[in-house]
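Some notes on the structure that comes next.
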Amino acid sequence: MIDLLANSLVPILVGLLFGYVAGLRKAVDNKDVKTLVSFLMTFALPCYLLVTMASTPRQLLWGQAKPALAFAIVYAALFIATFYASRNLAKDTATNSAVLALTVGFPNAAAVGIPLLLAVYGPRASVSVAVALTVGAITITPITLAILENGTETGRTLSHAARVRASLWSALKNPVFWAPVLGVVIAIVKFPMPVYVEKSLAILGAATEGTALFVTGLIVSAQRFSLSWNVGWAVLVKNVIQPALCFALVSLMAMPLQQTKYIVLLSAGPCGFFGILFGEGFDATPEVASSSLIASCVLGIFTLAGWIIFLDRLS
């Protein structure tokens, strides 16, 4: 078990530290990470998702309906609860609350989920990671963008229907959305993808893990940190309550044990950085969100170890 924990968690910690130190020492600009993020979100991650889905047997794809539903329910539940608490209890703005809700509700599956599940469960877990990323990209991410857009002067002049259409179009044209959908279509119709095409996409997709870890550390190095009760609650919700809720849900849905382990461990990942990135473009950078991101990543090494041990003992 010690070897398993070391082999799965130490590489993640090292990747995060590399990005953090690079940003802290100004070896890489941690204030302007648009180029790295653009490479990750427009090329590397979509290629990974497309190849993963396209190479998945059809019968295995049909079995992803329940996991997709479970991810959607858990993401939405945490997003709504966090947004409500931030708006009504902390009395924060709608834009800041949306950033915090996405930070807490959407785990960092790209940076942590991919290397973690591959190390613990092997390549067979790849499709679950792809499903987790796709569900988050087409559910709570567009909602966050719609709320952020609504907070701008231009957004306030648009009708509700126009804002919804703009958010949907933004989601549909995002490669993180259509790449896995295209991969599913390829798998279903059994389209013979040329080997040179698959290998070309796989090379770019292979850069996802390292880039996502480095970018996460880089973003963390630029954030303000302030310990508060709100941060403590956010980290507790993300690192402990979300995976516990996910475990209860998949148990009710009577999913296979192996699939249960994949889903719960993905949900146990630390806070994602999408909320912070989106918020910076709309001048919505709540300190509680940045502090929660930092604390969740640090404490996540220990909580992930606990969840790995817990899931390993299930039978």
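Annotations for the structure displayed:
- Checked against (1) without any contact (Cβ under 8 Å) to a residue 12 or more places away in the chain; (2) crowded, with 23+ Cβ neighbours inside 10 Å, residue 215 passes all but condition (1).
- Helices (runs of 4 or more DSSP H) wholly inside the range 6-121 containing at least 3 residues that are under 19 Å from residue 247 (Cβ atoms) and modelled with pLDDT of 90 or more: 65-88, 114-121
- Verdict on residue 28 being within 25 Å of residue 175 (Cβ to Cβ) and open to solvent by less than 30 Å² (accessible area, probe 1.4 Å): no
- Qualifying helices (runs of 4 or more DSSP H) (wholly inside the range 140-218; at least 3 residues being at pLDDT 85 or above and at negative phi): 140-150, 175-189, 195-205
- Matching option when the condition is among the small types (Gly, Ala, Ser), over 30 Å from residue 92 (Cα atoms) and touching a helix residue (DSSP H, G or I) at 6+ places or on another chain (Cβ under 8 Å), among 234, 202, 222: 202
- Filter pass, residue 73 being touching a Leu at 6+ places or on another chain (Cβ under 7 Å) and either among the β-branched types (Val, Ile, Thr) or over 28 Å from residue 308 (Cβ atoms) (or both): yes
- Within the range 31-59, the set of residues being open to solvent by less than 70 Å² (accessible area, probe 1.4 Å) and without any contact (Cβ under 8 Å) to a residue 12 or more places away in the chain comprises just one member, 38.
- Criterion applied to 35, 52, 56 was being of a type in the set (Ser, Thr, Tyr) and under 23 Å from residue 283 (Cα atoms), and the one residue passing it is 35.
- Candidate set from the range 301-312 (those that are open to solvent by 30 Å² or more (accessible area, probe 1.4 Å) and closer than 14 Å to residue 121 by Cα); member that is nearest to the chain's Cα centre (by Cα): 307
- Residue 265 under 18 Å from the mean Cα position of the chain (by Cα), in contact (Cβ under 8 Å) with a residue 60 or more places away in the chain and in a helix (DSSP H, G or I): yes
- Matching entry among 298, 288, 240 (being under 17 Å from the mean Cα position of the chain (by Cα), more than 23 Å from residue 134 (Cβ to Cβ), open to solvent by less than 70 Å² (accessible area, probe 1.4 Å) and of a type in the set (A, V, I, L, M)): 240
The values are calculated or read from the model by the stated rules, or taken from the named source; none is laboratory data. Every value quoted in this text rests on a predicted model; they were computed, and no experiment measured them. A quick note on method: Cβ atoms are made from the backbone with ideal geometry, for glycine too, and the neighbour counts reach across all protein chains shown. These accessible areas exclude ligands, DNA and RNA; they are computed on the full protein's heavy atoms, side chains included. Shrake-Rupley method; radii C 1.70, N 1.55, O 1.52, S 1.80 Å.
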